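The values are calculated or read from the model by the stated rules, or taken from the named source; none is laboratory data. Because the structure is a prediction, the values reported are computed rather than measured. Using ideal geometry, Cβ is built from the backbone for each residue, glycine included, and neighbour counts are taken over all protein chains shown.
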There are 2 protein chains.
Amino acid sequence: MTYSTMKPKEVRQLIREKKITTFTSGLCNGYAQANLAILPKELAFDFLLFTQRNPKPCPVLDVTEIGCPEPKLAAPGADIRYDIPKYRIYRYGEMTDEVTDLSTYWRDDLVAFLLGCSFSFEGPMLDAGLEVRHITENHNVPMYITNIPCTPAGVFSGPMVVSMRPMKPKDAIRATQVTSRMPSVHGAPIHIGNPTDIGIKDISKPDFGDPSTIYPGEIPVFWACGVTPQAVAMSVKPEFMITHAPGHMFITDLLNADLSVL
Amino acid sequence: MTYSTMKPKEVRQLIREKKITTFTSGLCNGYAQANLAILPKELAFDFLLFTQRNPKPCPVLDVTEIGCPEPKLAAPGADIRYDIPKYRIYRYGEMTDEVTDLSTYWRDDLVAFLLGCSFSFEGPMLDAGLEVRHITENHNVPMYITNIPCTPAGVFSGPMVVSMRPMKPKDAIRATQVTSRMPSVHGAPIHIGNPTDIGIKDISKPDFGDPSTIYPGEIPVFWACGVTPQAVAMSVKPEFMITHAPGHMFITDLLNADLSVL
């Protein structure tokens, strides 16, 4: 499909016109896609501080000005209210609606956070010849709630969520090198090896996503996961919160390659 | 002097007791020292957003909770009001006082930002066998206001300030590698070569600090400078602002080595 080679601006326009309403995986190859979390301004400082204190699970790509729907840094000219195929509306931590634009829900006191996602981070792994198991097996990445506490900030606190990719030790070393280049999109692994060291009781039962096969001679490699900030934000049951619907991401103008420091 | 090998906590205690009242350069070798900017909470979100959008000139090491004087992440147990040898008080952009503690100036609506400084960043250069000219010549690093705009955030905007170190081309390449490892403390250079490309008219006349000798066969190498966020904050003439006095830094518990991603 040609959407894979189109520019983000063109694809966002099609999304805005509701001509693309699907998952965004595979669209605009090479460009960073982002998770969305929108919160009222009263919580925005604490949440921004939480991301600053926990950069590995919370890779911020852009934060909008209060009430402004344009992510000026990650996608100048875009409108966060219309350029994602599907949104979820939460009140006091409960999902109350699922919508295709935010025309009826946007408020002047909202701040939108765009948070990096694992697509940015798995491209360079594949480019380096590493197998990414859940891509091979065509299922969602397995994610686990750990016993590693995030550094709290204001009202926000909670455990780190990690994603897991099984690898041969030699590949785990190479993956550490490759992902170390991308400190602004999760960076190096958080843990390699024994899942119980970080509070994971059963590696075959992820808390989110689907289990990946771990072959003999492989070890699980764990990275901080971008689900963490949404989970932490949700846990305080904010009066109002908006997220993207799973798999329906915001496509930025940022090249994945530009998120690498080396 | 033994202060160089003491732990940060011990030296901060001596500063708190006003037994150390001098420049902090050379104290607690290996530990990161930080610039201080304290602003009222009304400006804190915009300022934090400014640092997030401009990570190269604004390497945030810690941000305190509103009204809380403890930098819990960078130095648990420390008190930002007493643990720096000298502070400057500004009202509407004018310096109105210089004090050795903040007992009379602290307010419940203040947020303190600790921003990384070039000490963290020059250690690894020296360790890599690179000459750092202003250290050799025993003067302050030359700094220049450029024509590179920072990404604005709320009320904050302004040009990037850079520091300059002259190097042979081969050393400039090595310095690029070494500093790329430290994206959270300025990272790779912003520019190499012709000063006028970034709006610097006379390399022999820095806007801050002292000029460094540039020998034949050397090129100037420019890094984003931690003076940028203070200069930008000051330019909006906030009702109230506190900074450290030049050279009188906050000594954190963070190892410089821990600020490296590789």
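Filter the range A:52-68 for residues that are touching a helix residue (DSSP H, G or I) at 6+ places or on another chain (Cβ under 6 Å) and more than 7 Å from chain B (Cβ to nearest Cβ); which is surrounded by the fewest Cβ atoms within 10 Å (Cβ to Cβ)? It would help to see each step written out before you state the result.
Residues of the range A:52-68 touching a helix residue (DSSP H, G or I) at 6+ places or on another chain (Cβ under 6 Å): A:57-58, A:60, A:63, A:66.
Among the residues that remain, those that are also more than 7 Å from chain B (Cβ to nearest Cβ) are: A:57-58, A:66.
Working: A:Pro57: 26, A:Cys58: 26, A:Ile66: 16.
That would be A:Ile66.
Do we find a residue being farther than 22 Å from A:Ser118 by Cα and aliphatic (A, V, I, L, M) anywhere in the range A:21-38?
Of the range A:21-38, the ones farther than 22 Å from A:Ser118 by Cα are none.
No, that holds for no residue.
Any residue at all in the range B:35-44 that's surrounded by fewer than 17 Cβ atoms within 10 Å (Cβ to Cβ), more than 17 Å from the chain's Cα centre (by Cα), more than 10 Å from chain A (Cβ to nearest Cβ) and in a loop (DSSP other than H, G, I, E, B)?
Just the residues of the range B:35-44 that are surrounded by fewer than 17 Cβ atoms within 10 Å (Cβ to Cβ), to begin with: B:40-42.
Remaining after also requiring more than 17 Å from the chain's Cα centre (by Cα): B:40-42.
Subsequent filtering for residues that are more than 10 Å from chain A (Cβ to nearest Cβ) retains B:40, B:42.
Add one more test, that the residue is in a loop (DSSP other than H, G, I, E, B), and what stays is none.
No, the conditions are met nowhere in the range B:35-44.
Yes or no, residue by residue, for (1) small (Gly, Ala, Ser); (2) under 30 Å from B:Lys18 (Cβ atoms):
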{"site": "B:Ser163", "(1), (2)": "yes, no"}
{"site": "B:Lys170", "(1), (2)": "no, no"}
{"site": "B:Met182", "(1), (2)": "no, no"}
{"site": "B:Gly187", "(1), (2)": "yes, no"}
{"site": "B:Gly209", "(1), (2)": "yes, yes"}
{"site": "B:Val227", "(1), (2)": "no, yes"}
{"site": "B:Gly247", "(1), (2)": "yes, yes"}
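Residue check, A:Glu98 against (1) within 14 Å of chain B (Cβ to nearest Cβ); (2) out of contact with any Asp or Glu (no Cβ under 9 Å at 6 or more places or on another chain); (3) of a type outside the set (Ser, Thr, Tyr), all met but one. Which one?
(1)
Go through the range B:156-184 residue by residue and tally those that are under 15 Å from B:Lys56 (Cα atoms), of a type in the set (Val, Ile, Thr) and away from every other protein chain (no Cβ under 12 Å).
So the count comes out to 2.
How many residues does the range A:221-251 hold that are out of contact with any His (no Cβ under 8 Å at 6 or more places or on another chain) and within 14 Å of chain B (Cβ to nearest Cβ)?
Residues meeting the conditions: 1.
State which residue is surrounded by the fewest Cβ atoms within 10 Å (Cβ to Cβ) when the search covers only the range B:99-157 and only residues that are among the aliphatic types (A, V, I, L, M) and in contact with a His (Cβ under 9 Å, 6 or more places away or on another chain).
Step one: filter the range B:99-157 for residues among the aliphatic types (A, V, I, L, M), giving B:99, B:102, B:110-112, B:114-115, B:125-126, B:128, B:130, B:132, B:135, B:141, B:143, B:145, B:148, B:153, B:155.
Of the ones still in play, those that are also in contact with a His (Cβ under 9 Å, 6 or more places away or on another chain) are B:141, B:148.
Numbers: B:Val141: 21, B:Ile148: 18.
Of everything passing the filter in the range B:99-157, B:Ile148 is surrounded by the fewest Cβ atoms within 10 Å (Cβ to Cβ).
I'm trying to understand the selection: among the residues of the range A:194-225, which are closer than 26 Å to B:Leu262 by Cα and either surrounded by fewer than 14 Cβ atoms within 10 Å (Cβ to Cβ) or not assigned by TED's automatic domain parsing to the domain that holds A:Pro166 (or both)?
A:Asn194, A:Asp197
Go through the range B:186-206 and give me each residue that's among the β-branched types (Val, Ile, Thr) and closer than 29 Å to A:Ser184 by Cα.
Kept after step one, since they are among the β-branched types (Val, Ile, Thr), are these residues of the range B:186-206: B:190, B:192, B:196, B:198, B:200, B:203.
Result: B:Ile190, B:Ile192, B:Ile198.
Here is a yes/no grid of residues against (1) within 14 Å of another protein chain (Cβ to nearest Cβ); (2) in contact with a helix residue (DSSP H, G or I) (Cβ under 9 Å, 6 or more places away or on another chain); (3) of a type in the set (Gly, Ala, Ser):
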{"position": "A:Val11", "(1), (2), (3)": "no, yes, no"}
{"position": "A:Leu14", "(1), (2), (3)": "no, yes, no"}
{"position": "A:Glu17", "(1), (2), (3)": "no, no, no"}
{"position": "A:Ile20", "(1), (2), (3)": "no, yes, no"}
{"position": "A:Phe23", "(1), (2), (3)": "no, no, no"}
{"position": "A:Tyr31", "(1), (2), (3)": "no, yes, no"}
{"position": "A:Phe47", "(1), (2), (3)": "yes, yes, no"}
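If I filter the range A:69-86 down to residues being in contact with a helix residue (DSSP H, G or I) (Cβ under 8 Å, 6 or more places away or on another chain) and of a type in the set (Gly, Ala, Ser), which single residue comes out as nearest to B:Glu65 (Cα to Cα)? Quick ask: steps written out before the conclusion?
Initially, the range A:69-86 is screened for residues in contact with a helix residue (DSSP H, G or I) (Cβ under 8 Å, 6 or more places away or on another chain), giving A:73, A:75, A:77-79, A:82-85.
Subsequent filtering for residues that are of a type in the set (Gly, Ala, Ser) retains A:75, A:77-78.
On the way: A:Ala75: 30, A:Gly77: 33, A:Ala78: 32 Å.
Selected residue: A:Ala75.
What number goes with the only condition from (1) touching a Pro at 6+ places or on another chain (Cβ under 8 Å); (2) under 21 Å from A:Val232 (Cβ atoms); (3) of a type in the set (A, V, I, L, M) that A:Val141 does not pass?
Among (1) touching a Pro at 6+ places or on another chain (Cβ under 8 Å); (2) under 21 Å from A:Val232 (Cβ atoms); (3) of a type in the set (A, V, I, L, M), the lone unmet condition for A:Val141 is (1).
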